[in-house]
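Visitor: I am attaching a structure below and will ask some questions about it afterwards.
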Protein chains: 2
Amino acid sequence: MNSAALDVVGIGNAIVDVIGHADERFLAGEGFAKGAMTLIDAARAEALYRKMGPAIESSGGSVGNTMAGIASLGGAGGYIGKVRDDLLGEVFRHDITAIGVRFETPAAIAGPGTARCLVLVTPDGQRTMGTYLGACAELGPEDIDAALVGAAQVTYLEGYLFDPPRAQAAFRAAAAIAHGAGRQVALSLFDPFCVGRHRAAFRELVAGEVDILFANEAEICSLYETSDFTEAAAAVRGHVAVAALTRSAEGSVVLADGAAHRVAAAPVERVVDTTGAGDLYAAGFLYGLTHDLALPTCGAIGSLCAAEIISHVGARPEVALRELAARAGLI
Amino acid sequence: MNSAALDVVGIGNAIVDVIGHADERFLAGEGFAKGAMTLIDAARAEALYRKMGPAIESSGGSVGNTMAGIASLGGAGGYIGKVRDDLLGEVFRHDITAIGVRFETPAAIAGPGTARCLVLVTPDGQRTMGTYLGACAELGPEDIDAALVGAAQVTYLEGYLFDPPRAQAAFRAAAAIAHGAGRQVALSLFDPFCVGRHRAAFRELVAGEVDILFANEAEICSLYETSDFTEAAAAVRGHVAVAALTRSAEGSVVLADGAAHRVAAAPVERVVDTTGAGDLYAAGFLYGLTHDLALPTCGAIGSLCAAEIISHVGARPEVALRELAARAGLI
């Protein structure tokens, strides 16, 4: 695979996170399911912001976080996603390009503003999200840079992209280009509710277009409508070449070629904010995969990156992940 | 003093911090003195932002941080400062009011945007700052809410306010109102270079208007143009009722009524980002003082709050300081 100019190109919702603390009563009062992502409109986003406590702003977006992680590991990446030409759009563009990711999707010059995700962190470190997709709704097949996608070993898509109306088409266009160029397609499922909203489309995509699948227990179970993880794992085996299934503190299981590799979670002193845990696991895993490392090592790098991200507020790495992985003897 | 409706009203530069990591070579290349604050114009702020790495945005401003700290301790506070009616201005207003601080200064509806401080954190946790004052230059005596100032036990002013052109007048107006109402005036010196820029004005103010002074070693030495801390400490004694002089890891010395109280620093596992250390020391100290606690206790609360702030990125508390202080048996 190593003839490609880029390791990974990611396609995702370009979002700035607004991260604050909240207690479970606040979540209940807002009608949020703890740990899940709820889509909200502009008016609700404003009303919720007024009610929530002090916050910090940090670039986010699931695949954006993953690409920042890959760049921090020393990987070569590109990003496709839609911001507006406003201040939050500039912040998003700055943060992802400053770490070395190619991001050339033009900003929308009209329509809704750059997307925001209001992240409510409970005292146990878990995060619950209200997302206003804003300018992300403008992403369409015309934004897929065929040269960029063709140049990357892996094209990585986030399941959340199924929410804005025209992104599914962008998704399929990108997958077709990638496969046409002999590249691989990776997908992350996110949030069992998001899986539930688009189950049929996800199943079709996983069966037909996806080579590498990321999901946690709840998501893979939701995809196959079962409460039994073993059953869900068996179902996914026939469809993808590699499935990396994460299980929070219990680490992950990597399924490939009839084998199942168990990967331990990396130790964390104190879980401060779980925002980005899955995104950074994917970053470590995809970095390893595109550098021809063994699958258990890919998983171990993923665990290490996830551990870094949950030890502080925010979903972008605070230290150079490359040094962290080198010190751990993984790269 | 306890008849006042508010504990502290702070007057400061209303700034949003943009916090990223940098190495010493980057600082040298930009001509920044490590640990200091350099004033930059809009063009330089934009150029520097383009060059700096990924960042997070967090409400800041020295006195803004202090007021957030006092509110987090359970104190009643107000804030006077100038933002523009733009997105960063909304962020600043949200964050300070969400924690319970009264902030009613109208936003500027024209002129430069809300102030930004580009904070460069080096691997040792020290921060170096480039500040674009923007809308802060619009603050003037007309923004001083006499009822608010008269209602607070202590009016707290930041030395940085001497940089924007009309704020000195606002400063003096506020001090006159406070003293006219039988209240106290506190001042923080910040940055030896800022002290150097306005030495004569600061000396006059300290001698004539200030009851409670905060400064670190370098700043108090700069004020009295001496390299000897003992000499500087002796000089300040005659001028103010209380001087709290901070000495980084060595804690602080509180001078009052002919006595000198030594206060230890609170332990910190790992210094991540020193942004806001002085601001949060002042928060703890002023909370104690306005709740009639003994001076060594005031200093100890200050140390505790400073320790919390330097253990994470950003200059606003991430946990309820009231609980922290209660657990430590200080309140």
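Just so it is clear, none of the values below were taken in a lab; they were calculated from the coordinates. In this text, all values refer to a predicted model and were calculated from it rather than measured experimentally. Quick reminder, even Gly has a Cβ in these numbers, built from the backbone with ideal geometry, and neighbours come from all protein chains shown.
Visitor: Could you list which residues have their amide H under 5 Å from that of B:ARG316, counting only those 5 or more apart in sequence or on another chain, with H placed in the peptide plane?
Guide: Those qualifying (amide H under 5 Å, at least 5 residues apart or on another chain) number zero.
Visitor: Can you list the copy-to-copy distances for A:ALA28, using a point 7 angstrom from Cα toward Cβ, in nanometres, shortest first?
Guide: Ordered by distance, the counterparts are at 5.8 nm.
Visitor: Using Cα-Cα distances under 8 Å and only pairs 6 or more residues apart, what relative contact order does chain B have, in percent?
Guide: Contact order relative to length: 19 percent.
Visitor: Find the Rg to Rh ratio for the stretch B:96-138, where Rh is the Kirkwood radius over alpha-carbon pairs and Rg uses the same atoms.
Guide: Taking Rg over the Kirkwood Rh, I get 1.12.
Visitor: Averaged over peptide A:47-59, how many Cβ atoms belonging to another chain are found within 10 Å of each residue's Cβ?
Guide: 6
Visitor: While we're on this one: Could you tell me the distance between the Cα centroids of the stretch B:255-331 and the stretch B:197-238, to the nearest Å?
Guide: What the calculation gives is 22 Å, centre to centre.
Visitor: Also: Dividing the convex hull volume of the Cα atoms of chain A by its residue count, what figure in Å³ per residue is obtained?
Guide: Here the figure is 119 Å³ per residue.
Visitor: Which number comes out as Rg/Rh for the stretch B:209-331 once both Rg and the Kirkwood Rh are worked out on C-alpha atoms?
Guide: 0.97
Visitor: Also, quick follow-up: What FRET efficiency comes out for the pair A:HIS179/A:ARG44, r = Cβ-Cβ distance, R0 = 41 Å, nearest 0.05?
Guide: E(calc), rounded to 0.05, equals 0.60.
Visitor: Could you list log10 I(q)/I(0) for the stretch B:115-163 at q = 0.14, 0.15, 0.19 Å⁻¹, which the Debye formula gives when each Cα is one point scatterer?
Guide: Treating every Cα as an identical point scatterer, log10 I(q)/I(0) equals -0.56, -0.62, -0.81.
Visitor: Between A:ALA110 and A:ARG327, what is the spin-label point distance in nm, taking each point 7 Å from the Cα along the Cα→C-beta axis?
Guide: Rounded to a tenth, the inter-label distance reads 5.2 nm.
Visitor: Another one. Among B:GLY314, B:GLY140, B:GLY81, which one shows the biggest mean-square fluctuation in a GNM of chain B, springs joining Cα atoms closer than 10 Å?
Guide: B:GLY140
Visitor: Now for a different question. Distances in nm, one decimal, shortest first, from B:ALA328 to the same residue in every other copy, taking the label point 7 angstrom along Cα→Cβ.
Guide: In ascending order, 3.3 nm.
Visitor: Let me ask you something else. Run through the DSSP bridge list for the protein assembly as shown and note the antiparallel percent, rounded to the nearest 5.
Guide: So the antiparallel bridges in the protein assembly as shown amount to around 40 percent.
Visitor: Same structure, new question: Before rounding to the nearest 500, sum -39500 (n - 2.57) across all DSSP H runs of length at least 4 in chain A and divide by the residue total; then give [θ] at 222 nm in deg cm²/dmol.
Guide: One gets -11000 deg cm²/dmol as the mean residue ellipticity at 222 nm.
Visitor: Now, a different point. For B:PRO141, which inter-copy label distances result when the label point lies 7 Å beyond Cα on the Cα-to-Cβ vector, reported in nm to one decimal and in ascending order?
Guide: Nearest first, the other copies' label points are 6.8 nm away.
Visitor: At q = 0.12, 0.21 Å⁻¹, what log₁₀ I(q)/I(0) does the stretch A:24-91 have when each alpha carbon counts as one equal point scatterer in the Debye sum?
Guide: With no solvent term, the Cα-only Debye profile gives -0.49, -1.11.
Visitor: Something else: With a point put 7 Å past each Cα toward its Cβ, work out how far A:ALA169 is from A:ALA201 in nm, to one decimal.
Guide: 1.2
Visitor: Can you give me the three principal axis dimensions of the protein assembly as shown from its C-alpha atoms, in Å, biggest first?
Guide: Principal axes ranked by extent give 82, 50, 46 Å for the Cα atoms.
Visitor: Shifting gears a bit: Could you estimate the translational diffusion coefficient of the stretch B:72-153 from the Stokes-Einstein equation, with Rh from the Kirkwood formula over C-alpha pairs, at 25 °C and 0.890 mPa s, in whole µm²/s?
Guide: 171
Visitor: When the convex hull of the Cα atoms of the stretch B:15-142 is projected onto a plane and the area is averaged over all directions, what value comes out in nm²?
Guide: 8.2
Visitor: Using only the Cα atoms, work out Rg/Rh for the stretch A:135-249, with Rh taken as the Kirkwood radius, to two decimals.
Guide: My calculation of the ratio gives 0.97.
Visitor: Would you give the gap between the C-alpha center of the stretch B:1-74 and the C-alpha center of the stretch A:140-169, rounded to a whole Å?
Guide: 38
Visitor: While we're on this one: Pull up the cross-link candidates among the lysines for A:LYS51, meaning alpha carbon to alpha carbon under 24 Å and not fewer than 8 places away within one chain.
Guide: Reachable lysines: A:LYS34, B:LYS82.
Visitor: Sorted by packing (mean other beta-carbon atoms within 10 Å per residue), highest first, where do A:156-162, A:318-324, A:268-274 land?
Guide: The most tightly packed comes first, giving A:156-162, A:318-324, A:268-274.
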